[in-house]
Amino acid sequence: MRRFIHMVEGLPHLGGVLRTKYEQYHSVVVPLQRWLENKGVEVRFGAEVTDIGFETTNGEKRATILQLADGGSIPLGANDYVFTTLGSITESSDNGAWDRAPVLKGLAESGSWKLWKTLAAKDATFGNPSPFCDHIEGSKWYSFTATLKDPVFHDYMEEFSGNLSGTGGLVTLTDSNWLMSFVIARQPHFPNQPRDVKIFWGYALYPDRKGNFVSKTMAECTGKEILDELWGHLKIQDLMKPYVDEGKVNCIPVAMPYVDALFMPRRIGDRPDVVPAGAANFAFLGQFVEAPHDCVFTVEYSVRTAQMAVYGLFETGKEPIPVYDSIHNPKYLIEAARAISR
């Protein structure tokens with residue numbers, strides 16, 4: 001609340017939440033990748049880093065080599081720098097299908113978490129990933145993406161909610177045993193999405209409870225069964241049955257063991273500094289490093305850690321954009337007090 005006090009007044013309708021035109025991969029990742037490649041950056045996929053070698057001389061720590069999963073390595077020279085994103089909330093995710101439930105995986109299938117554990121064993125200043133990745137029962141989520149070759153469901157939800165697609169917040173089914181929520185994205189959600197295809201996304205916070213309409217836990221459900229549960233809560237089973245029978249509906253459930261990892265209980269020091277003490281040519285980025293006065297979960301947090309890394313290692317004459325200090329603004333304090341007391 002201290003960090004986002006200026007947004008408390010708009011929380012009931014998610015006011016102030018900014019959305020990209022398409023889903024975040026095509027709206028953020030692809031343009032950034034193209035920009036980097038135009039600058040001469042080589043983007044290499046499928047190359048998993050399993051370890052980083054370090055040398056310490058007179059208190060100065062330098063990254064010297066990257067070890068790869070295929071047995072290869074990348075030696076680091078005097079002018080090389082390493083920026084490592086620690087952890088991942090989508091690591092070890094598994095997709096189910098219309099007729100198959102997803103499988104909950106874990107550390108054995110991960111790459112980023114095992115890398116961080118390997119690094120943390122070398123130096124206490126590299127943080128401690130265990131509080132974030134060793135408690136899957138506390139951090140797991142199950143989500144689903146539904147694809148429909150007909151606008152009937154989206155039309156129904158626009159009339160039901162009063163919001164055009166892409167303009168409203170999440171719809172939470174408060175009577176749901178799973179505590180299911182879903183959101184209608186602006187269409188098209190993907191740049192190459194056909195005009196007759198509609199997409200929405202949802203998740204549940206209690207996937208180990210049996211459903212109200214399907215006598216299974218969400219974790220055990222196929223994509224079809226998840227939508228059966230949703231249709232039941234909205235009382236539209238009869239409306240949607242013809243489209244399901246005609247094969248115009250698909251649903252892909254996903255088991256995500258680490259989605260809430262960034263919110264797990266921790267101690268000071270579990271998240272390392274962006275530029276650890278003595279680091280000469282390396283830094284850590286992302287949601288699992290310390291950015292003072294900021295709050296994890298936002299894209300802004302990750303961007304700020306990247307600014308801290310670059311400005312901390314290079315003489316740019318720049319400082320990271322400061323965290324918006326709304327907690328000392330009387331206007332926002334008054335608005336928040338009114339909103340809380342409603």
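The values are calculated or read from the model by the stated rules, or taken from the named source; none is laboratory data. Since the model is a prediction, treat every value here as computed from it, not as a measurement. So basically every Cβ, Gly included, is an ideal-geometry build from the backbone, and we count neighbours across all protein chains shown.
Taking segment 75-99 as the range and being farther than 18 Å from residue 284 by Cβ and either without any contact (Cβ under 8 Å) to a residue 40 or more places away in the chain or part of a strand (DSSP E or B) (or both) as the test, the residues that pass are 75, 77, 78, 79, 94, 95, 97. Every test in (1) at positive phi; (2) modelled with pLDDT under 95 is passed by residue 247 save one, and that test is (2). If we keep just the residues of segment 2-31 that are among the hydroxyl-bearing types (Ser, Thr, Tyr) and either part of a helix (DSSP H, G or I) or surrounded by 15 or more Cβ atoms within 10 Å (Cβ to Cβ) (or both), which is nearest to the chain's Cα centre (by Cα)? By that ranking, first place goes to 25.
Of all residue pairs spaced 6 or more apart or on separate chains, those with beta-carbon atoms under 8 Å, a first member in segment 194-216 that is over 19 Å from residue 183 (Cα atoms) and a second member that is of a type in the set (S, T, N, Q) and outside any strand (DSSP E or B) are 209/177; 210/177; 211/176; 211/177; 212/176; 212/177.
Among the residues of segment 260-302, count how many are without any contact (Cβ under 8 Å) to a residue 40 or more places away in the chain and over 14 Å from the mean Cα position of the chain (by Cα). Final tally of qualifying residues: 6.
Here 91, 60, 48, 55 are screened, and the one residue that is acidic (Asp, Glu), outside the structural domain of residue 225 (by TED's automatic domain parsing) and surrounded by 19 or more Cβ atoms within 10 Å (Cβ to Cβ) is 91.
Picking from residues in segment 289-298 that are in a loop (DSSP other than H, G, I, E, B) and not β-branched (Val, Ile, Thr), the one that is surrounded by the most Cβ atoms within 10 Å (Cβ to Cβ) is 291. When the residues of segment 136-166 are filtered to those that are within 18 Å of the chain's Cα centre (by Cα), buried (at least 16 other Cβ atoms within 10 Å of the Cβ) and not hydroxyl-bearing (Ser, Thr, Tyr), the one that is farthest from residue 86 (Cα to Cα) is 144.
Can you confirm whether segment 299-316 contains a residue that is under 23 Å from residue 3 (Cβ atoms) and assigned to a loop (DSSP other than H, G, I, E, B)? No, every residue in segment 299-316 fails to be under 23 Å from residue 3 (Cβ atoms) and assigned to a loop (DSSP other than H, G, I, E, B).
When you scan segment 219-234, do you find a residue that is of a type in the set (Val, Ile, Thr) and under 23 Å from residue 139 (Cα atoms), even just one? Yes: segment 219-234 contains one or more residues that are of a type in the set (Val, Ile, Thr) and under 23 Å from residue 139 (Cα atoms). Scan segment 312-325 and tell me whether some residue there is within 21 Å of residue 76 (Cβ to Cβ), over 28 Å from the mean Cα position of the chain (by Cα) and either of a type in the set (S, T, N, Q) or surrounded by fewer than 15 Cβ atoms within 10 Å (Cβ to Cβ) (or both). Scanning segment 312-325 turns up at least one residue that is within 21 Å of residue 76 (Cβ to Cβ), over 28 Å from the mean Cα position of the chain (by Cα) and either of a type in the set (S, T, N, Q) or surrounded by fewer than 15 Cβ atoms within 10 Å (Cβ to Cβ) (or both). Against the test of being hydroxyl-bearing (Ser, Thr, Tyr) and at positive phi, the options 92, 27 yield a single qualifying residue, 92. Restricting attention to segment 239-275, the residues that are in contact with a Phe, Trp or Tyr (Cβ under 9 Å, 6 or more places away or on another chain) and either in a helix (DSSP H, G or I) or within 22 Å of residue 91 (Cβ to Cβ) (or both) add up to 23.
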